[in-house]
Amino acid sequence: MSVIVRGKNIEITDALKNYVEKKVGVITKQINVAGDLMAMLSVEKGQHIVELTVPAKGITFRAQERTGEMYSSIDLVTEKISRQIHKFKTRLTRNKYVEYGSEDVYPDEPEADKDFAVVRNKKYTLRPMDVQEAILQMNMLNHDFFLFFDANTEKISLVYKRKAGDYGLIVPEMK
């Protein structure tokens, strides 16, 4: 396991890299990390943004924070990931959660279509879960939607976050 620190519109100094590695060390004590941790540090319009991705066995944790100071953003994003891990472990213990895996695939060359260019492909291993578990996973990844295999209906389904703050469920049917 290593920590990959990348920058956008900012030079990654040794001090910044060491600080990220030190803060991430706390996270690695909470959960078994299954790959390289990715920290993306960027500066946009005076805001210091840190995005942290932690691939664990069977789940990926992701968080983003923006403040006026880079070290503050690093502190907040690691705290957010720690809370996500704690929440996940609590839920795991309570529901005897079965693990599943996901893996990102980055092709060497994006496939170009006539009208649309696919710039990222993602392979994802579905595992049976109920709607509540899917919503929990979606929230932990900080995504607006989540594709899963519904254990109750035995169909592929999609949960999504609505603008009103509640959730929606899409269950596709073949015609």
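The values are calculated or read from the model by the stated rules, or taken from the named source; none is laboratory data. In this text, all values refer to a predicted model and were calculated from it rather than measured experimentally. Here the Cβ is made from the backbone with ideal geometry for all residues, glycine too, and neighbour counts use every protein chain on show.
Being touching a His at 6+ places or on another chain (Cβ under 7 Å) and either closer than 19 Å to Gln137 by Cβ or part of a strand (DSSP E or B) (or both) is a description that does not apply to Arg62.
For Val131, the criteria (1) at pLDDT 75 or above; (2) under 26 Å from Glu51 (Cβ atoms); (3) surrounded by 15 or more Cβ atoms within 10 Å (Cβ to Cβ) hold in every case but one, which is (2). Taking the conditions (1) closer than 27 Å to Ala134 by Cα; (2) surrounded by fewer than 20 Cβ atoms within 10 Å (Cβ to Cβ); (3) among the polar types (S, T, N, Q) in turn, Thr67 satisfies each one other than (1). Residues of the stretch 2-47 that are under 21 Å from the mean Cα position of the chain (by Cα), surrounded by fewer than 15 Cβ atoms within 10 Å (Cβ to Cβ) and of a type in the set (Lys, Arg): Arg6, Lys8, Lys22, Lys29. The residues in the stretch 6-57 that are of a type in the set (D, E, K, R), assigned to a strand (DSSP E or B) and in contact with a helix residue (DSSP H, G or I) (Cβ under 9 Å, 6 or more places away or on another chain) can be counted, and the count is 1. Within the stretch 53-72, the set of residues being under 22 Å from Arg91 (Cα atoms), among the hydrophobic types (A, V, I, L, M, F, W, C) and out of contact with any Pro (no Cβ under 9 Å at 6 or more places or on another chain) comprises Val54, Ala56, Ile59, Ala63.
All of (1) out of contact with any Lys or Arg (no Cβ under 6 Å at 6 or more places or on another chain); (2) touching a residue at least 40 places away in the same chain (Cβ under 8 Å) hold for Ala63 with one exception: (1). Among the criteria (1) modelled with pLDDT of 90 or more; (2) within 26 Å of Leu126 (Cβ to Cβ); (3) not hydrophobic (A, V, I, L, M, F, W, C), the one Gly7 does not fulfil is (2).
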